[in-house]
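**Student:** Below is a structure I'd like to ask you about.
The values are calculated or read from the model by the stated rules, or taken from the named source; none is laboratory data. Only a predicted model underlies this, so the values are computations on that prediction, with no experimental measurement involved. Here the Cβ is made from the backbone with ideal geometry for all residues, glycine too, and neighbour counts use every protein chain on show. For the accessible areas, the whole protein counts, side chains as well, though only heavy atoms, and no ligand, DNA or RNA atoms are used. Shrake-Rupley method; radii C 1.70, N 1.55, O 1.52, S 1.80 Å.
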Amino acid sequence: MPEPVPAPWAEALAASPVLRDLGGASLARLFASAREEKVAAGQILLEQGGPADALYVVLSGRLEVALQGSAGDRVTLNEVAMGAIVGELAILLGGRRSSTVRALEASLVLRVPADDVKRLLDQDGPLVERFNALVQARLQRLQLASYVSDLFGPLRREVLDEIECEVEWVSLPTGEVLFRQGDDPADGIYIVAGGRVRVALEGPDGAQRHIADVGRGESVGEMALLSDGVRSATVYAVRDSELARLSRGAFDRLMARYPGAMFQIARLLVVRLESATRGPSRDTGHGRSFAIVPASAGVPLADFTAELSAALGGHEETLWINAENVGAALGRPDVAQLADGDPGCILLTQWLLEQENSHSVIVYEADPQWSAWTRRAVRHADHVLFVGDARADPEPAALERRVQAEWDVGRVPRRSLVLVQPGGGRAFSGTARWLSEREVDGYFHARLGESEDFARLARLLTGRGIGLVLGGGGARGFAHIGVLLAMRELGIPIDAIGGTSMGALVAGLYALGHEGDVLIELCRRHTRKLLDPTLPMVSLLGGHRAGRSFREVFGSWSIEDLALPYFCVSTNLTRAEEVEHRRGSLAHAVRASISLPGILPPVAHEGDLLIDGGLLNNIPVDRMAGVTGGGPVVAVDVSPDVDLRAEVDVGSELSGWRVLWSRLNPFVDRIPAPSILSVLGRSAVVGSILSQRQRLGATAGELYLPLPVGDWGLLEFKAIDRIVEAGLESSREPLRAWAEPLRLRSSARSGRGSATS
């Protein structure tokens, strides 16, 4: 920049809190390519969404900085005059312009190219701190304007100034409680600017029930303010979060000035109240940001992360970032590893927040060792995935133990184990050893290069997993095979499968990898082995042949070894409660689930007796929600509405000998009485059927699929081919109609380390 400095420039520099007191060398670098530009009244200088090619110093005049909302509303953020800087956010954080700048009157500005700004910041530490402070203040105002306008509608700048003065910014580390149920008094409303907090109800016994997760732009704490009462729930951080606290006084004044905001708040409260009153939440808090952490040495973490990011990108705009590409994006290779308190951390934190604002899903790839970046990745994640090579030692390595130590105090985010498996097969041994060594919320299997594995994993992680639940019904359960054939024909993926009784058997065989004709033949062969009459002291059938048959077909596989998530339910006769089988012997679980009382003997389990799950939950849709994260579910019912009708009046007393004689003697009319097996089978599940049919199909995304198989008897196993065909034909069109909306997904993109992807 030539000497002396032009008077308008010098005057503007003196008025700028950021640029005042710059040395001569810095001024020369800053203004090496600077040039003056005139901006006419009403002319737009910077357009929201435009490229970040320069920043501007206002030399004279007056400009307006405004935010255009997604709904078309417009919020004035600031009016700026001489000495003000505009356009710096996109240069420092990357990405596109975050707001529009328009001249309110004829103005003169100094345009400084982005490259000159970046070169100066590389060489002037104090200037970096000033810019960081400016960026942080403006980002907070930008976030506040965006979130508050969503609640209160378009705001005048003066009102935004008032709100900003009232707001207190709160940092909430992972697991820390914001407020507790019963706290008094309610001190304000909180708006989540970054991160995620969880709302939970605490019972008298101290147990907590998850009500909702609250993310960016949403608020918590309104109910206590409106009711003038104590806090109605406990709220804590699922991950490191930033919140804006609006005091009770400011809230009351805004409510009086903007009564329309009450409708927005009322809608929010109604949704949460419904969640609180309808029982356990189907939303299990699936994440929007994931940390990928190695659980064993040598695991191909980058390859795994690449495949998972690509699969996640098939649903939503996904960004994959690691220490290397963060450094490249910010032009500072070491920025990801800066210690807390370093001035550069402000730039890093704000950049990460900007990426979360502009991408639906973030995948943080941790370093192979404990580092500042690994800690940031873990603490920015809603869900931590520990990825291990299934062939490695299952003992947790030093890195995994160090990551787990981050949550020694307070609540923990969701954690899952993912075992990278060699190719081939749909079941993998040794999973129990991995699970016994660590405490995790879930577990998955994936094979590198198998796109279906990663597509399934992506859907399950984001609450889009498609679950199939198969009900009990004896031989009528063969119709489940027809449903499986129809779903394959229509290209509908199955991300998790479970069931009760015969549904548990068919689901278990499918989860083990058997499909089509093989599945039909296995069912044909092994159901014939179920019938082994015995002296009816405990049951009509001995169960020996059933036990041998299940051990033969399921081998020594454990449920946790299955690539496809599987569960079945049984009834604990000892304790009068439902049992969900998610781990342990697959043969044992299916044998317990199929044990109709009076027909097959109970199964001993840890000192208790287990019988058919159909007594309490014949179509366990509620259990599937915990596996798929609340994703769409197909519930298949093979129990007819009407069964075991009395064809003629046989009276209230009936001799078994007479019935037997009528069936042996061809010259005597056959007495049309139902068999004891049919009566016991129907009696066992009738209560569960009645209560469930009032609920099934009422949840969004759930397909209740009753199949017309009442013409076949409970033990008519020889009719397998006709029953399978009936299931296929009757399910094809309902499945097609149900699946069509699921395919209407936007073509999201997936990027690696690009702030503008």
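**Student:** Which pairs do you get when a residue that is within 27 Å of Ala137 (Cα to Cα), found in region 15-40, comes within reach of a residue that is exposed (fewer than 13 other Cβ atoms within 10 Å of the Cβ) and charged (D, E, K, R), reach meaning Cβ atoms under 9 angstrom, with the pair 6+ apart or on two chains?
**Tutor:** none
**Student:** Say we look at region 49-76 and pick out the residues that are in a loop (DSSP other than H, G, I, E, B) and modelled with pLDDT of 90 or more; which of these is surrounded by the fewest Cβ atoms within 10 Å (Cβ to Cβ)?
**Tutor:** Arg62
**Student:** Residues that are in contact with a Gly (Cβ under 9 Å, 6 or more places away or on another chain) and basic (Lys, Arg), at least 1 per element: which strands (runs of 3 or more DSSP E) completely within region 193-237 meet that?
**Tutor:** Here the list reads 197-202, 208-214.
**Student:** If you don't mind, there's one more thing I want to ask. Name the residues in region 501-519 that are over 29 Å from Phe386 (Cα atoms) and crowded, with 24+ Cβ neighbours inside 10 Å, would you?
**Tutor:** Those that are over 29 Å from Phe386 (Cα atoms) and crowded, with 24+ Cβ neighbours inside 10 Å: Ser501, Met502, Gly503, Ala504, Leu505, Val506.
**Student:** Could you tell me which numbered condition Ser99 fails, if it satisfies all but one of (1) among the hydroxyl-bearing types (Ser, Thr, Tyr); (2) farther than 29 Å from Ala336 by Cβ; (3) at pLDDT 75 or above?
**Tutor:** Condition not satisfied by Ser99: (2).
**Student:** Just the residues that are within 16 Å of Val633 (Cβ to Cβ) and free of Cβ contacts under 8 Å to residues at least 60 places away in the same chain, please, taken from region 704-743.
**Tutor:** Scanning region 704-743 gives Pro734, Ala737, Pro741.
**Student:** When region 298-331 is examined, which residues are found to be in contact (Cβ under 8 Å) with a residue 60 or more places away in the chain, open to solvent by 10 Å² or more (accessible area, probe 1.4 Å) and of a type in the set (A, V, I, L, M)?
**Tutor:** Once the filter is applied, which keeps residues that are in contact (Cβ under 8 Å) with a residue 60 or more places away in the chain, open to solvent by 10 Å² or more (accessible area, probe 1.4 Å) and of a type in the set (A, V, I, L, M), region 298-331 yields Val299, Leu301, Ala302, Ala306, Ala310, Ala311, Ala328, Ala329, Leu330.
**Student:** Hey, another quick one. Across region 601-620, what is the number of residues that are over 23 Å from Arg426 (Cβ atoms) and either of a type in the set (D, E, K, R) or open to solvent by less than 10 Å² (accessible area, probe 1.4 Å) (or both)?
**Tutor:** Here the count works out to 10.
**Student:** A further question follows. Consider only pairs whose beta carbons are under 6 Å apart and that are at least six residues apart or on different chains; among these, list those whose first residue lies in region 503-522 and is without any contact (Cβ under 8 Å) to a residue 12 or more places away in the chain and whose second residue is open to solvent by 10 Å² or more (accessible area, probe 1.4 Å).
**Tutor:** As it stands, the answer is His514/Leu522, since those pairs meet every condition given.
**Student:** Looking at Ser556, Ser570, can you tell me which residue is under 18 Å from Gly607 (Cβ atoms) and either assigned to a strand (DSSP E or B) or modelled with pLDDT under 95 (or both)?
**Tutor:** Exactly one of Ser556, Ser570 is under 18 Å from Gly607 (Cβ atoms) and either assigned to a strand (DSSP E or B) or modelled with pLDDT under 95 (or both), namely Ser570.
**Student:** Among Val650, Val590, Val642, Val579, which is the only one that is out of contact with any Phe, Trp or Tyr (no Cβ under 6 Å at 6 or more places or on another chain) and modelled with pLDDT of 90 or more?
**Tutor:** Checking each option against the conditions leaves just Val579.
**Student:** Where residues in region 411-445 are charged (D, E, K, R) and in a loop (DSSP other than H, G, I, E, B), which of them is least open to solvent (accessible area, probe 1.4 Å)?
**Tutor:** Among those residues, the one meeting the criterion is Arg438.
**Student:** Of the residues that make up region 452-469, is at least one within 22 Å of the chain's Cα centre (by Cα), of a type in the set (Asp, Glu) and open to solvent by 50 Å² or more (accessible area, probe 1.4 Å)?
**Tutor:** Yes, that holds for at least one residue.
**Student:** With surrounded by fewer than 21 Cβ atoms within 10 Å (Cβ to Cβ), modelled with pLDDT of 95 or more and of a type in the set (Asp, Glu) as the only criterion, which of Asp367, Asp408 stands out?
**Tutor:** Asp367
**Student:** Give just the number: which of (1) open to solvent by less than 20 Å² (accessible area, probe 1.4 Å); (2) in a helix (DSSP H, G or I); (3) modelled with pLDDT of 95 or more; (4) not hydroxyl-bearing (Ser, Thr, Tyr) does Gly498 not satisfy?
**Tutor:** The number of the failed condition is (2).
**Student:** Which residues, counting only those in region 186-217, are within 24 Å of Ala250 (Cβ to Cβ), open to solvent by 50 Å² or more (accessible area, probe 1.4 Å) and more than 17 Å from the chain's Cα centre (by Cα)?
**Tutor:** Matches in region 186-217: Asp187 only.
**Student:** Out of (1) touching a helix residue (DSSP H, G or I) at 6+ places or on another chain (Cβ under 9 Å); (2) surrounded by 15 or more Cβ atoms within 10 Å (Cβ to Cβ); (3) modelled with pLDDT under 75, the odd one out for Tyr147 is which?
**Tutor:** It is condition (1) that Tyr147 fails.
**Student:** Might you check whether a residue that is touching a Ser or Thr at 6+ places or on another chain (Cβ under 8 Å), modelled with pLDDT of 75 or more and surrounded by fewer than 18 Cβ atoms within 10 Å (Cβ to Cβ) occurs anywhere in region 118-128?
**Tutor:** no
**Student:** Here's a follow-up. Select from region 190-227 the residues that are in contact (Cβ under 8 Å) with a residue 12 or more places away in the chain and out of contact with any strand residue (DSSP E or B) (no Cβ under 9 Å at 6 or more places or on another chain) and list them in ascending order.
**Tutor:** Met223, Leu226
**Student:** Taking region 566-600, which residues are open to solvent by 20 Å² or more (accessible area, probe 1.4 Å) and under 33 Å from the mean Cα position of the chain (by Cα)? Talk me through it step by step, then tell me what you get.
**Tutor:** As a first pass, look at region 566-600 and keep what is open to solvent by 20 Å² or more (accessible area, probe 1.4 Å): 573-580, 582-585, 588, 591, 596-598.
Ala576, Glu577, Glu578, Val579, Glu580, Arg582, Arg583, Gly584, Ser585, His588, Arg591, listed by residue number.
**Student:** Given the structure, is Leu353 within 19 Å of Pro173 (Cα to Cα) and not in a strand (DSSP E or B)?
**Tutor:** Here the answer is yes, as Leu353 does meet what is asked.
**Student:** Please go through region 573-583 and pick out each residue that is in a loop (DSSP other than H, G, I, E, B) and either closer than 19 Å to Trp557 by Cβ or of a type in the set (D, E, K, R) (or both).
**Tutor:** Arg575, Arg582, Arg583
**Student:** Within region 1-48, how many residues turn out to be under 49 Å from the mean Cα position of the chain (by Cα) and open to solvent by 50 Å² or more (accessible area, probe 1.4 Å)?
**Tutor:** Qualifying residue count for the region: 9.
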